[in-house]
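What follows is one structure encoded as structure tokens, with my remarks underneath.
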Amino acid sequence: MNERAWPDRRAAPLRKTHSHLISPTPTNPELVRSPWTETFRRLVSTVQGDLMLVSPFIKTRSTEQVLLDLERRGVKGQVSVKVVTNLRPESALSGALDLEALVALSKALPKFELTHLPSLHAKAYIADNRIAIVTSANLTEPGLTGNLEYGVAFSDEHFVVEIRRDFEAYALLGAKVESPEVESLLTTIGELK
């Protein structure tokens, strides 16, 4: 584990002992194997208040599916969507990260929040305190359907809350980014291509 000193308010979730991490045992965790599109859609279809998407690589086709589901259910205006990603220009230049997807989310969702978290490698998808999926898969079409990915889905509220708390603590290490800043980066990336 990185020996970097963490602020006190974030120390608790990051300094757990191994025995604390595995106890109590979650009830009925589900293994998530590729392709896992249906599992992801099920997670999005259950959200009622707060959806957290944590992924360094995000593509438009995947975020369009999120928007379509929220719109179809009539909850687009009520659901808070928090995206934590790494806005590395190299990722946008290489096509691994679609800045257009983030701009579209920010324009379509009144309760949208974007956090830039350098060094992000983890991937997690959390619907309210109902379901959390921790996986190797990015929020991309290959991540959902083509790559050989693996993860675990938790529906035990205790674990979902703990996972959400940990990723919210990680997000505090990043910086909130507003839509105009993403649009500016998108323009710059377009000029470089």
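Here are some notes:
- Candidates are the residues of segment 168-182 that are touching a Lys or Arg at 6+ places or on another chain (Cβ under 9 Å) and not acidic (D, E); the one that is nearest to E100 (Cα to Cα) is S179.
- For F154, the criteria (1) loosely packed, with under 15 Cβ neighbours inside 10 Å; (2) over 14 Å from the mean Cα position of the chain (by Cα) hold in every case but one, which is (1).
- The selection criterion, being of a type outside the set (S, T, Y), open to solvent by less than 20 Å² (accessible area, probe 1.4 Å) and over 26 Å from P35 (Cα atoms), holds for L114.
- Of all residues in segment 80-96 being of a type in the set (A, V, I, L, M) and either under 14 Å from L114 (Cα atoms) or within 13 Å of the chain's Cα centre (by Cα) (or both), the one that is surrounded by the fewest Cβ atoms within 10 Å (Cβ to Cβ): L87
- Any chance I126 is within 24 Å of L172 (Cα to Cα), in contact (Cβ under 8 Å) with a residue 12 or more places away in the chain and touching a Gly at 6+ places or on another chain (Cβ under 9 Å): no
- Entry remark, segment 52-68: residues being farther than 10 Å from L139 by Cα and open to solvent by 10 Å² or more (accessible area, probe 1.4 Å) number 4 in total.
The values are calculated or read from the model by the stated rules, or taken from the named source; none is laboratory data. Since the structure is predicted, the reported quantities are computational estimates derived from the model, not experimental observations. Please note: Cβ atoms are built from the backbone with ideal geometry, for glycine as well, and neighbour counts cover all protein chains shown. To get the accessible areas, we keep the full protein, side chains included, count just its heavy atoms, and leave off ligands, DNA and RNA. Shrake-Rupley method; radii C 1.70, N 1.55, O 1.52, S 1.80 Å.
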